[in-house]
Amino acid sequence: MEGPWMRRAIERKRDGEELEPALWHDIVEGYLVGEVDDAQMGAFAMACVWRGLDENEVTALTRAMVESGATLLYPPGMFVVDKHSSGGVSDIVSLVAVPLVAACGVHVAKLSGRALGHTGGTIDKLEAIPGFNATPSMDAFVRQVERVGCAIAAQSDSFVPADKRLYHLRDHTATVPSIGLIAASIVSKKVAAGANAFVFDVKCGTAAFMRDVEQAKALARMLVGVSERFGRRAYAIVSDMNEPLGRSIGTGIETIEAREVLSGREGDERVRAGCVQIAAAMLELAGVAAPRERALRALENGSAYEKFVDMVQAQGAGRAALEALAPDPRVRPLRAPGGGIVTSIDAVRLGNVARALTAHSSVGGIRLHVRVGDRVEPGVPLADVLGEGADPEAILPAFAIGEELPLPRPLVYATI
């Protein structure tokens, strides 16, 4: 049934007022039990988009969403870290950083999601390994973190159900792009998952939710500030997503690329640098001395790869299954129609095409041969299309080739 109190809350937020914590709790609870309907919540979310939320309101909304479901607890004295990416193309950082940090002696617990839009999902990537169980019980998840040192699993429906329902509504009402609502959604899931410290990787660029660096910095500051109000240590990195992070785009082939980085074999320097930066931030929050050096040493001595194998085995897959994972053998090259300099790469287009390819084969996708700023000759391969389900020509418009060398972009724009 509808209540006049919710109409008043919508009016107040529409007019730019700050709402008190108890009212945020009532709104979330009312929405879950049906006292607040979708029409009212959609209108309220739009008011939040237009008027914004301050840190007090985001904290109150976050707390209400955490309290809507279950939370995880770890054994006393066990320090646990977690990381979150706001989404990107060829973003294999979680696959690398989680076992890398665990190999340095810090427990890592990560509840991850599936693919959304043009962005890949960590769970989909791991499920490309035959036998991998992404849905252990939460008790088993906690025990694995304690015993193995790390775990990556799909988020249970019992965690922050209010966020899941609200996000679905926001997606349907064009109210996703709100810094306050995004921050509450992210932090509520992290707090419910029980870690002591979080690292946030806020992507910025043409293939990210945050296109503008200043907007990305504002979200990063909000994520850190709200996390600290819940007694969690937090660190945020604003990183570039104007082109794919790695060379592989597609569930299984991204797992293969992560395997190569972890095994210490020569890999793409850009993706390796991104993984090490995130891992070092996680180690720093845990109080590890010389965190970057520790992370690099774990990559070089093979301990990070062995920890990845331990995690995969603990979740039902074997070393043999991981090491046998291979790209789809059906390879069709996309060649440059002319010579020049690669001035841009449309990661959104590539991400969407890769999702079509992986729908036919978990180890299908796109493998890049060039980066922005590379000079190419006519006929050289720009990328390979692996598998069936998309014409290589469909991705040709993703590569802009010109004569002007583009301005260099940093991998990391800011740290908060």
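Values in this text are rule-based calculations from the coordinates and carry no lab data. Keep in mind the model is a prediction, meaning the values are calculated, not measured. Positions of Cβ are generated from backbone atoms using ideal geometry, with glycine treated the same way; all protein chains shown enter the neighbour counts.
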Next item on the list: With 21 Å as the limit, write out which pairs from LYS189/LYS307; LYS164/LYS190; LYS203/LYS307; LYS125/LYS203 have Cα-Cα distances beyond it, or answer none.
Entry: LYS189/LYS307; LYS203/LYS307
Checklist line | Mean Cβ neighbour count within 10 Å, used as a protection proxy, ranking 341-347, 68-74 highest first | finding: 341-347, 68-74
Next item on the list: Could you tally the net charge around LEU396, taking each other residue with its Cβ under 11 Å from the Cβ of LEU396, Lys/Arg +1 and Asp/Glu -1?
Entry: -1
Checklist line | Under-5 Å amide H pairs with LYS83, H placed in peptide plane, nonlocal only | finding: VAL199
Next item on the list: Quickly estimate the mean residue ellipticity at 222 nm for the chain, helices only: each DSSP H run with n ≥ 4 gives -39500 (n - 2.57), and the total goes over all residues, rounded to 500.
Entry: -14000 deg cm²/dmol
Item checked: Matching label, mean projected area of the Cα convex hull in nm² computed from the structure shown, candidates (i) 24.5; (ii) 20.0; (iii) 23.5 -> (ii)
Note to self: Give the residue list of trypsin sites (Lys or Arg not before Pro) in the range 35-124 that are DSSP loop and have at most 16 other beta-carbon atoms within 10 angstrom.
What the structure shows: ARG114
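Using a simple charge model, +1 on the beta-carbon of Lys and Arg, -1 on the beta-carbon of Asp and Glu, nothing else, what dipole does the chain show about its Cα centre, in debye to the nearest 20? Intermediate results must be reported in sequence, preceding the final value.
Numbers: 44 positive and 52 negative charges, 129 e Å.
In total the dipole reaches around 620 debye.
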Next item on the list: Return the long-range amide H neighbours of ALA414 (sequence gap of 5 or more, or a different chain), with a cut-off of under 5 Å between placed amide H atoms.
Entry: VAL238
Notebook entry, point to check: What net charge is computed for the residues neighbouring ASP212, neighbours being all others with C-beta under 13 Å from the C-beta of ASP212, Lys and Arg scored +1, Asp and Glu -1?
Noted result: +1
Check: Along the principal axes of its C-alpha atoms, what lengths does the range 253-372 span, in descending order and rounded to whole Å?
Finding: 50, 35, 22
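Highest mean first, how do 98-107, 388-397 rank when packing is the count of other Cβ atoms within 10 Å averaged over residues? It would help to have the intermediate numbers written out before the result.
Working: 98-107: 25.8, 388-397: 15.3.
Packing proxy ranking, top to bottom: 98-107, 388-397.
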Item checked: Hz values of 3J(HN,Hα) by residue in the range 362-368 - Karplus curve (6.51, -1.76, 1.60), Gly and Pro given as x -> 5, 10, x, x, 10, 10, 7
